[in-house]
Amino acid sequence: MDAVNLLGFDLEGLAAFCEQLGEKRFRATQLFRWIHQKGAADFDQMSDLAKSLRDKLRDKAHIRALPVISEHVSTDGTIKWLFDVGNGDAVEAVYIPETDRGTLCVSSQAGCAVGCRFCSTGHQGFSRNLATWEIIAQLWYAEHSLRKRQGTSERVISNIVMMGMGEPLQNYAALVPALKMMLDDHGYGLSRRRVTVSTSGVVPMIERLREDCPVALAVSLHAPNDPLRDQLVPLNKKYPIAELLDACNRYLDKAPRDFITFEYCMLDGVNDTPELAQQLVKLLKNRVACKLNLIPFNPFPASGLKRSSNERVQAFAEVLIKAGLVTTVRKTRGDDIDAACGQLAGEVQDRTRAHIRMVRAPVVVKGASPS
């Protein structure tokens with residue numbers, strides 16, 4: 001048996017591994033707590049494990065974090081880490097401290113193949129899916145390094161958003177065990193309401209997540225009609241808005257929250273007009289229980305797009321609020337270290353020729369001037 005990284009096992013997987021070593025299931029629970037609750041990486045630290053088991057573990061397993069290439073701290077307290085995932089690829093994770101919570105934004109892929117127009121990650125292209133251990137290692141490192149620097153044994157990270165680099169639902173096999181580890185009371189013990197998977201709308205996988213591990217769901221909508229969303233979120237051509245909303249409604253049957261969050265990146269002259277706000281009201285009201293999260297666009301040169309003015313964002317929000325849709329405007333955090341929404345790029349050995357594929361004409365809105 002080759003040495004394996006125990007960060008990649010949920011509790012069931014760890015129990016199966018311990019059985020291969022001739023150990024009882026309760027040993028897996030003890031080991032799981034040492035790794036995830038206490039952040040132990042050295043088997044000799046695990047004082048309540050039998051020496052014979054620790055000897056076996058040293059021969060057959062290890063607990064290996066991702067190497068940290070860099071750490072940047074924003075003036076607002078946001079922290080961004082760049083993790084080396086090998087072969088020239090690196091991914092980013094972001095910690096956002098607030099008075100009532102600590103949120104970690106976690107990556108699921110090295111790059112992203114969806115290619116949303118307004119997302120810096122998509123313009124980097126796609127290299128590969130992350131393994132389960134590479135997903136959970138971002139949380140493991142962030143949680144336990146933050147505890148050390150804050151001098152506490154209490155949990156620091158209370159919320160997880162799978163909203164970093166990549167489309168989580170296109171890495172489903174690795175995602176679900178990672179989610180289960182986040183939720184497990186012997187691991188990180190997070191509430192299903194406080195773990196969010198963000199998707200650009202992979203409809204079949206939304207259906208599977210509903211059955212396998214329903215957590216909070218955020219959907220990157222960004223347009224109220226198919227022609228515009230086709231340009232902004234190419235996946236819409238495969239799973240158009242009507243199919244996506246039907247999947248969201250079905251998801252609500254088992255979701256931990258009684259609403260779906262729709263993310264809407266505000267792009268100047270593209271999707272931010274009062275007319276499109278009215279279309280959004282017509283699309284969503286009385287159709288899907290939802291909350292709208294309006295996100296100021298974080299510009300980067302390759303996008304060819306501009307951020308909506310604060311006045312246009314507020315006017316758009318007012319239309320939604322007056323119609324009775326719960327709407328918030330996301331406060332931009334960490335933009336001085338390129339850690340804000342849509343800015344995560346890392347380092348990606350692109351296998352999808354994104355630099356050619358994503359050179360596109362300006363977005364055209366019917367009845368409006370090109371952006």
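Laboratory data are not the source of any read-out in this text; all were calculated from the coordinates shown. Quantities reported herein were computed from a predicted structural model and do not represent experimental measurements. Neighbour counts run over all protein chains shown; Cβ positions are idealised from the backbone, glycine included.
By the gyration tensor of its Cα atoms, with a ≥ b ≥ c the square roots of the eigenvalues, what is the shape of region 4-62: rounded for a/c under 1.5, prolate for a/b over b/c, or oblate? Rounded. The stretch between residue 26 and residue 311 holds 96.8 nm of extra length on full extension. This uses 0.36 nm per residue minus the Cα-Cα distance. Considering helices alone, the calculated mean residue ellipticity of the chain at 222 nm is -9500 deg cm²/dmol, with DSSP H runs of length four and up weighted by -39500 (n - 2.57) and normalised per residue. The alpha carbons of region 1-146 occupy a box of 53, 35, 23 Å along the principal axes, longest dimension given first. Using the alpha-carbon positions of the chain, Rg (one decimal) and Dmax (whole number) come out as 21.3, 73 Å. With a threshold of 27 Å on the Cα-Cα distance, the over-threshold entries among 60/254; 60/180; 38/60; 254/285 are 60/254. Listed by chain and number, the lysines whose C-alpha is less than 22 Å from the C-alpha of residue 237, apart from same-chain residues fewer than 8 away, are 282, 366. Considering only 194, 149, 64, the mean-square fluctuation computed in a Gaussian network model of the chain, springs between alpha carbons under 10 angstrom, is largest for 149. Of 278, 45, 109, which has the largest mean-square fluctuation in a 10 Å C-alpha GNM of the chain? Greatest mean-square fluctuation among the candidates belongs to 45.
Largest GNM mean-square fluctuation among 50, 110, 65, using the chain with Cα springs under 10 Å: 50.
If both residues of a DSSP beta bridge must be in the chain, then about 45% of such bridges are antiparallel.
Could you tell me which GluC sites (Glu not before Pro) in region 110-198 are loop residues by DSSP with no more than 12 other beta carbons within 10 angstrom of their beta carbon?
Hits after loop and neighbour filter: 154.
Of all DSSP beta bridges confined to region 1-147, the antiparallel ones make up roughly 90%.
Is the C-alpha gyration tensor of region 45-86 telling us rounded, prolate or oblate? Criteria: a/c under 1.5 is rounded; beyond that, a/b larger than b/c is prolate, otherwise oblate.
oblate
Relative to one another, the C-alpha centroids of region 234-295 and region 111-161 are positioned 25 Å apart.
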